[in-house]
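See structure below.
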Amino acid sequence: MIKAVLMAGGSGTRLWPLSRAGHPKQFLKLIGDKSMLQSTMKRLECLDISSSVTICNEEHRFFVAEQLREIDKLGSILLEPIGRNTAPAIALAAFSADDDPLLLVLAADHVIQDEAAFTNAINDAVPLAESGKLVTFGVVPNEAHTGYGYIKMGRPVESGFVVDKFIEKPSNEVAHEYLESKGYLWNSGMFLFKASRYLEELKKFRPDIYHACSDSIVSMVTDLDFLRINEENFKACPSESIDYAVMEKTADAVVVPMDAGWCDIGSWSSLWDISDKDSNGNASQGDVLLHNSSDCYVRADKRLVSAVGLNDLVIVDTKDALLVAHKDSVQDAKIIAQKLKKRVP
């Protein structure tokens, strides 16, 4: 029995101006005709999923309910009164689960291009998770990427490998060494484990988070489509990622390789990477006219956007903002979003 846990609380400011705090990327149709949240839920149809819970904040609750209802996949929606990172969020899902299911923890804003390979990797990991292992999925790298964390594989165990260690985002030189060694995987942030095993390890290593979440869930109430927890108790919970709180400390961490065309679309350049392109390497969406331009990403939401004699640029035109950036600098779009937030009275 698998319960899907979809994490839908991010802000996605690196995809400004399309992704905003009030309408972040997981609710946008960036690839295809479904939002990223909807695509994440739909790709679970080939798995033995018994139920689902989507975790989001108060502000986005109606986006989640509406989008999941559109694809007839509503499930439960658990509201975080304040963001406390992934370790507490997953603890809430574990505490609220019935009958100790396997929890399949997924971000709602990832792209998976090979859904059959995704499904196979999840199924391969089920025996490991049922035996008490805490499984994470490591993406087989196809380039020396410096924007992802890495996982070093240890000795083989069934369909996976014992986690030797988690590694922060490396330098370009080190990333090339990892790629050539074939002993490292990208840290995808996807997990599979028994609810009880996660809570056992969380209680062992971070009892403060465990007890704060336990206290928060005791007085949980149902409000229409939403599950509401105790706000004051949850505010007392420390903010921590599952990697730091549990996965880097447990002796039962196992990584299962996944080669499924995964991308977390962390920037406009990463969206260009996976988009269909013309003969000049340009990816475009909307009413776009290009001439003598190459390797650009151009998106026009409301009007014609034309580009002449440009290379390696990102141009995103929305109804109230225009972004023009070199692909090497698009990560800094979040800085513009931060500056705009400071300007709001």
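For the reader, a short list of remarks on this structure follows.
- Summary of the geometry: the range 213-280 and the range 71-119, compared by the centres of their Cα atoms, lie 7 Å apart.
- Cross-link pairs beyond the 21 Å C-alpha cut-off, checked among Lys133/Lys203; Lys42/Lys277; Lys29/Lys73; Lys34/Lys73; Lys169/Lys339: Lys42/Lys277; Lys169/Lys339
- Which of Glu173, Glu80 has the fewest Cβ neighbours within 10 Å, and the rest in rising order: Glu173, Glu80
- By definition, a body whose alpha carbon gyration tensor gives a ≥ b ≥ c is prolate when a/c is 1.5 or more and a/b is larger than b/c, and the range 188-345 fits this prolate description.
- Taking the alpha carbon gyration tensor of the range 18-170, multiplying each eigenvalue by 5 and rooting it gives semi-axes of 26, 20, 17 Å, largest first.
- In the chain, the longest principal axis of the Cα atoms and the axis of helix 333-343 are about 80 degrees apart.
- Principal-axis tilt of helix 61-70 within the chain, Cα atoms, nearest 10 degrees: 80 degrees
- Here each label is just a point 7 Å from Cα along the line to Cβ, and for Glu177 and Ser219 those points are 5.3 nm apart.
- Taking Cβ atoms as reference points and 13 Å as the exclusive limit, the residues near Val64 contribute a net charge of -4, counting Lys and Arg as +1 and Asp and Glu as -1.
- Just checking the listed ones, Ser329, Ser216, Ser96: in the Gaussian network model of the chain with Cα springs under 10 Å, the one fluctuating most is Ser329.
- Cα-projected label distance for Cys46 with Ser294, points at 7 Å along beta-carbon direction, nm: 3.7 nm
- Relative to the longest principal axis of the Cα atoms of the chain, the long axis of helix 86-96 lies at roughly 50 degrees.
- Candidate aspartates and glutamates - alpha carbon under 20 Å from Lys341, same-chain residues fewer than 8 apart omitted: Glu58, Glu59, Asp317, Asp320, Asp332
- Applying 1/(1 + (r/R0)^6) with R0 = 25 Å to the Cβ-Cβ distance of Ala321 and Glu70 gives a FRET efficiency near 0.40.
- Cut-off 20 Å, label 7 Å out along Cα→Cβ of Asp312, residues of the range 252-275 by amide N: 266-275
- For the chain, DSSP calls about 45 percent of its internal beta bridges antiparallel.
- Divided by 2.2 N^0.38 Å, where N counts the residues, the Cα radius of gyration of the chain comes to 1.01.
- Listed residues Ile229, Ile31, Ile209, most fluctuating in the chain (Gaussian network, C-alpha, under 10 Å): Ile31
- Prolate/oblate/rounded call for the range 202-251, Cα gyration tensor, a/c under 1.5 rounded: prolate
- Taking only alpha carbon atoms, the range 101-211 gives an Rg to Rh ratio of 0.98, where Rh is the Kirkwood radius.
- Length gained on full extension, Ser131 to Glu231: 32.5 nm, using 0.36 nm per residue less the C-alpha separation.
Each value in this text was obtained by applying a stated rule to the coordinates, not by laboratory testing. Keep in mind the model is a prediction, meaning the values are calculated, not measured. Heads up, the Cβs are rebuilt from the backbone with ideal geometry, glycines too, and the neighbour counts pull from every protein chain shown.
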